[in-house]
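One structure below.
The values are calculated or read from the model by the stated rules, or taken from the named source; none is laboratory data. Source: prediction; values computed, not measured. Glycine also receives a Cβ, built like all others from the backbone with ideal geometry; neighbour counts cover every protein chain displayed.
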Amino acid sequence: MGLPFTPDQFFGVFAEYNRAFWIVAVVSWFAVAAALLAARRSPSRGSRWLTYLLSALWIWNAGAYHAWLFTRINPAAWLFAALFAVQAVLLLMGAGRRLEYFTSRGWTLGAGTALAGYALVYPFLTIALGHDYPATPTFGVPCPTAILTIGALLTVRRGVPVWLLIIPALWGFVGGSAALLLRVGTDYVLLAAGVLVADRARRGLETVAGRRHQQDFGR
């Protein structure tokens, strides 16, 4: 599988992003950390703000990362920008459904919490694994944003619309390919997260299809 850009070009995009927007990475890191803590302590009160922040990260990535920077080396980034913008809108719609994070039980709560925490330490791990700043992914760029979103959605016990899971699942495989093709070791977790959320989306679609079948049969 070939790429339309070289590794140097790929990491050069991060270098340009970090020089221009380092303050965004810092502020968004603290804002998300605070929102996660608030939602963990009081899901009914803190969850809506976390959803708003997730939506803001997706729309930010659509414009500042994909459309403005990544399109310079990869024409497919226009499609990625559109998908990220759609996900931002879907999250805002999800906010109206009163998503409550950290309310699930069992392994989904543990996995989701671990993924959300991993998204916060993601930029530090990439540097520890040998990617020199500023030419390295930092907090708030697409892959840690997808990991954070998948983690947060996994902690929701009920009421997660299937359409909220589809784009993060897709990015789990598209963005996670960097682990294999560009040696971004921290993105192996993104691949695993993509598998988890894709399976949840599949089960959600099967549930919806089953309900429709029952309704049609009842007629």
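Restricting to segment 175-193, what's the tally of residues that are in a loop (DSSP other than H, G, I, E, B) and among the β-branched types (Val, Ile, Thr)?
1
Which residue pairs have Cβ atoms closer than 6 Å, lie 6 or more positions apart in sequence or on different chains, and pair a first residue in segment 157-184 that is on the phi > 0 side of the Ramachandran plot with a second residue that is surrounded by fewer than 16 Cβ atoms within 10 Å (Cβ to Cβ) and not β-branched (Val, Ile, Thr)?
Here the result reads 159/97, each pair linking segment 157-184 to a residue that is surrounded by fewer than 16 Cβ atoms within 10 Å (Cβ to Cβ) and not β-branched (Val, Ile, Thr).
Looking at segment 26-52, which of its residues are surrounded by 15 or more Cβ atoms within 10 Å (Cβ to Cβ), within 16 Å of residue 102 (Cα to Cα), without any contact (Cβ under 8 Å) to a residue 60 or more places away in the chain and aliphatic (A, V, I, L, M)?
35, 38
Scan (1) touching a His at 6+ places or on another chain (Cβ under 8 Å); (2) in contact (Cβ under 8 Å) with a residue 40 or more places away in the chain for the single condition residue 81 breaks and write down its number.
Failing condition for residue 81: (2).
Anything in segment 115-133 that is more than 25 Å from residue 62 (Cα to Cα) and in contact with a Gly (Cβ under 7 Å, 6 or more places away or on another chain)? List them, or say none.
129
Those residues that are aromatic (Phe, Trp, Tyr) and either buried (at least 20 other Cβ atoms within 10 Å of the Cβ) or at pLDDT below 95 (or both), I need them from segment 118-136; list them, please.
If the condition is that a residue be aromatic (Phe, Trp, Tyr) and either buried (at least 20 other Cβ atoms within 10 Å of the Cβ) or at pLDDT below 95 (or both), then 122 is the only one that fits.
From the list 5, 21, pick out the single residue that is within 24 Å of residue 178 (Cβ to Cβ) and not in a helix (DSSP H, G or I).
Criteria check complete, one pass: 5.
Looking at 82, 95, can you tell me which residue is within 15 Å of residue 35 (Cβ to Cβ), surrounded by fewer than 22 Cβ atoms within 10 Å (Cβ to Cβ) and under 17 Å from the mean Cα position of the chain (by Cα)?
Details: 82 fails: within 15 Å of residue 35 (Cβ to Cβ).
It is 95.
Looking at 139, 102, can you tell me which residue is of a type in the set (A, V, I, L, M, F, W, C), in a loop (DSSP other than H, G, I, E, B), modelled with pLDDT of 95 or more and over 25 Å from residue 64 (Cβ atoms)?
Of 139, 102, the one residue that is of a type in the set (A, V, I, L, M, F, W, C), in a loop (DSSP other than H, G, I, E, B), modelled with pLDDT of 95 or more and over 25 Å from residue 64 (Cβ atoms) is 102.
Out of 174, 162, 189, which single residue is closer than 25 Å to residue 92 by Cβ, touching a Phe, Trp or Tyr at 6+ places or on another chain (Cβ under 9 Å) and of a type in the set (Val, Ile, Thr)?
On inspection, the qualifying residue turns out to be 174.
Which of (1) among the polar types (S, T, N, Q); (2) outside any helix (DSSP H, G or I); (3) under 14 Å from residue 58 (Cα atoms) does residue 149 not meet, given it meets every other one?
Looking at each condition in turn, residue 149 falls short on (2).
Run down 196, 190, 180, 170 and say which single residue is more than 15 Å from residue 144 (Cβ to Cβ), of a type outside the set (Val, Ile, Thr), crowded, with 19+ Cβ neighbours inside 10 Å and modelled with pLDDT of 65 or more.
The match here is 196.
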